[in-house]
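This report refers to the structure that appears directly beneath it.
The values are calculated or read from the model by the stated rules, or taken from the named source; none is laboratory data. Keep in mind that what you see is a predicted model, and the values were worked out from it rather than measured. With ideal geometry, Cβ positions are generated from the backbone for all residues, glycine too; neighbour counts draw on all protein chains shown.
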Amino acid sequence: MSNDLQIILAGSFVATACGLLGCYLILRKMAMVGDAISHAVLPGIVLAFLFTGSRDSVTMVIGAGIIGVLTTFLIEFFHKKGKLQTDASIGVTFTWLFAIGVILISVFAGKVDLDQDCVLYGEIAYVPIDLWITDAGTVMGPRVLYISGTVLLIILVFIATGYKELFLTTFDPAYATAVGISTVLWHYLLMGAVSITTVASFESVGAILVVALLIAPPATAYLLTEDLFKMMVLTTIIGVLVSVSGYYLAVATDGSIAGAMATMAGLFFGLAFLFSPTEGYLVKKFRKEKAVMH
Amino acid sequence: METFLDFFSFSDPNVRYVVLGSILITASSAIVGSFTFLKKKALVGDAVAHAVLPGVCLSFILYGEKNPLVLIIGAFTTGWIALTLIDFISSKSKIKEDTAIGLILSVFFGIGIFLLTIIQKSGNAAQSGLDQFLFGKAASLVGSDLITFGLVAVLLLVAVYLFFKEFTLISFDKDFAASVGLPIRAMELILTTLTVLAVVVGIQAVGVVLMAAMLITPAAAARFWTEKIKVMIWLAAIFGAFSGISGAYISYVAPSMPTGPWIVIVISSIAFFSFFFAPGRGIIQRLLTQKRIKKHIVDENILKALYQLGEEEKNFFDKRTIETILSKRTLRRDLLIKSLKRLKREGYLKHSDGLWFFTTEGKNKGQRVVKLHRLWEVYLIQYLRIAPDHVHDDADTIEHVLTPELEARLEKLLNYPSTDPHKSEIPYE
């Protein structure tokens, strides 16, 4: 496999896993909770690094998964028990956790194989050289590819097995409760899945650009269809397109690949916003003018 | 300790600049942030903060050096575009506001990072330090930078002072503000502009990534201490300024540390302290109040049960065993015993040989609860036309809440009925 292909593949895995979960986030009006989680898992990642002394992915995913769920819990705690409005509750919680993460990185700069740049935009360019070598010395191929592939698989299994439950708790929570599906359980399962995905994506695209992949492709797909299943298929296609076009844009300009991916994600959204056959701003405007002329 | 004294004696003019600058910057963002907080648009500030990054990079690419004024103009431009786009997307399509905020925030930041990495690889020596916009560095505020940012901060404070009444109105009640002839759109525009400006200067101290905290957290903390907007804004400013000084100090003693995150830790600690310990609105105070009310309700229910037992046996001052009370009112035994002891301390009950009985005060209090319960049942049936078998639960709740004033009005309104819907007598004194 060529280096180009490896990077694009890793990007596509990450974009797809994020996008699929993002569909539920934006339909549940929880986009900013996703943003908060992606920032807040940082201290979890750093602490896992410190404890294991390596990029042991399992510990990291567990550590960050716990912190992600804790973040959601804290946001709700301040909102319900302290009567703090939700937007402020989100803002206070995630900035605090993210600040802790950045400070931990500075304090343990020598001991942690992480730096602030990596937090901001990841190291997806290093995918081909960061190899997974077994204890026996066999080279298994790029490590990040395994991690992002595994997480994508987990997310696919999660959505496939819980499709009905996720669907009902998203669109009709009252009915879901009536037929015995716990909205609270599925809420936290979804948040756990978002945490795991952000952590796994963290090394490749960084803490903040994950948000672009969580929100932009599903929002684009949402402008093109009403149907949840079609929306998820479209999100996957857009995610892959973002990965491919972002990579070549970065290569052409010698900029950050993750930054270029976010830029392309924004561009695709802009196109859908203006030209979507059903929802497009220009399309609707053009139709109105035509109607006036007749 | 020595560095502490060095710093806080302000003998070094550089330190004076840095401290003054940090205070101005953090306090002015806290003040402007108070209004976005009250308008429930706190996260919009987060989006603007991320969105200024591409502006900073673009103006650097176009101008070729780090001129503070040019960077401010660039940052201001993209911050403004981001805000406008959020409004435009959420009003002109089915995309909800929170999605629009997250989208603009991450895409603009992505573009910013993309440009920043291009600049860094371009080999332009003047670019070094541009990445301080990401996490802030209060101590690097020197000379001309400080004057520029200080001036903008002063401008912000003056604007808030001048438009204080108008901003307050549009934050709390837009419709009312419109009805008294306030130019809403113009005022919103000014407030938005001030928000973007606050972000542009604030990122000097805390950086793009954590700027949201400077807008949201001081206001959120201050809200827990007061109900008055003026006090709240003053408090927010003081909290902000305090975290600003702390940040400057940390930047001074540990230059390798990123300043922004430390400022955020300080302001977050103030906020968490406020959330838990503020009198009145704080979480602990709330829980205590809830507990007190719960105890009060248990007490009143026991007095009620004793009164009803007295009614049945036509003897209010008979001595009762705990089992008898439990047969009238199901309750956890330990809670009952605790409450009985409390009622004895307060003089409502007496206790001898394991038996409990009313004092006169106790009987009167039990009687009042029973009266309120029955009056309320009559009220629900006569005035709200609720079926007699549906009124009991509601009366069980309201009997603990009604004040003597309401009690008097209720009696008068219902014309002193003698029995409740279930034919039980309503006891008057």
**OP:** For the stretch A:200-253, enumerate the residues that are crowded, with 24+ Cβ neighbours inside 10 Å, small (Gly, Ala, Ser) and within 13 Å of another protein chain (Cβ to nearest Cβ).
**Re:** A:201, A:206, A:207, A:212, A:216, A:219, A:221, A:246, A:250
**OP:** Hand me the list of helices (runs of 4 or more DSSP H) wholly inside the stretch B:197-281 holding 1 or more residues that are aromatic (Phe, Trp, Tyr) and within 9 Å of chain A (Cβ to nearest Cβ).
**Re:** B:259-277
Subject >> Wholly enclosed helices (runs of 4 or more DSSP H) of the stretch B:30-138 bearing at least 2 residues farther than 27 Å from residue A:280 by Cα and at the interface with chain A (Cβ under 9 Å from one of its Cβ atoms) >> reply: B:42-63, B:97-122, B:132-135
Original post:
If a residue has to be over 41 Å from the mean Cα position of the chain (by Cα) and part of a helix (DSSP H, G or I) to count, how many in the stretch B:332-361 make the cut?
Top reply: 2
Original post:
Which residues, taken from the stretch A:68-96, are among the hydrophobic types (A, V, I, L, M, F, W, C) and either surrounded by fewer than 24 Cβ atoms within 10 Å (Cβ to Cβ) or closer than 23 Å to residue B:289 by Cα (or both)?
Top reply: A:69, A:70, A:73, A:74, A:75, A:77, A:78, A:84
Subject >> Answer residue from the stretch B:282-311, given it is assigned to a helix (DSSP H, G or I) and within 13 Å of chain A (Cβ to nearest Cβ) and is surrounded by the most Cβ atoms within 10 Å (Cβ to Cβ) among those >> reply: B:283
Original post:
Quick check, is residue B:76 at pLDDT below 90, under 20 Å from residue B:205 (Cα atoms) and out of contact with any Lys or Arg (no Cβ under 6 Å at 6 or more places or on another chain)?
Top reply: no
Original post:
With (1) among the small types (Gly, Ala, Ser); (2) within 18 Å of residue B:171 (Cβ to Cβ); (3) at pLDDT below 85 as the list, and residue B:254 as the residue in question, which single condition is left unmet?
Top reply: (2)
Subject >> From the options A:170, A:183, residue that is surrounded by 19 or more Cβ atoms within 10 Å (Cβ to Cβ), over 14 Å from the mean Cα position of the chain (by Cα) and polar (S, T, N, Q) >> reply: A:170
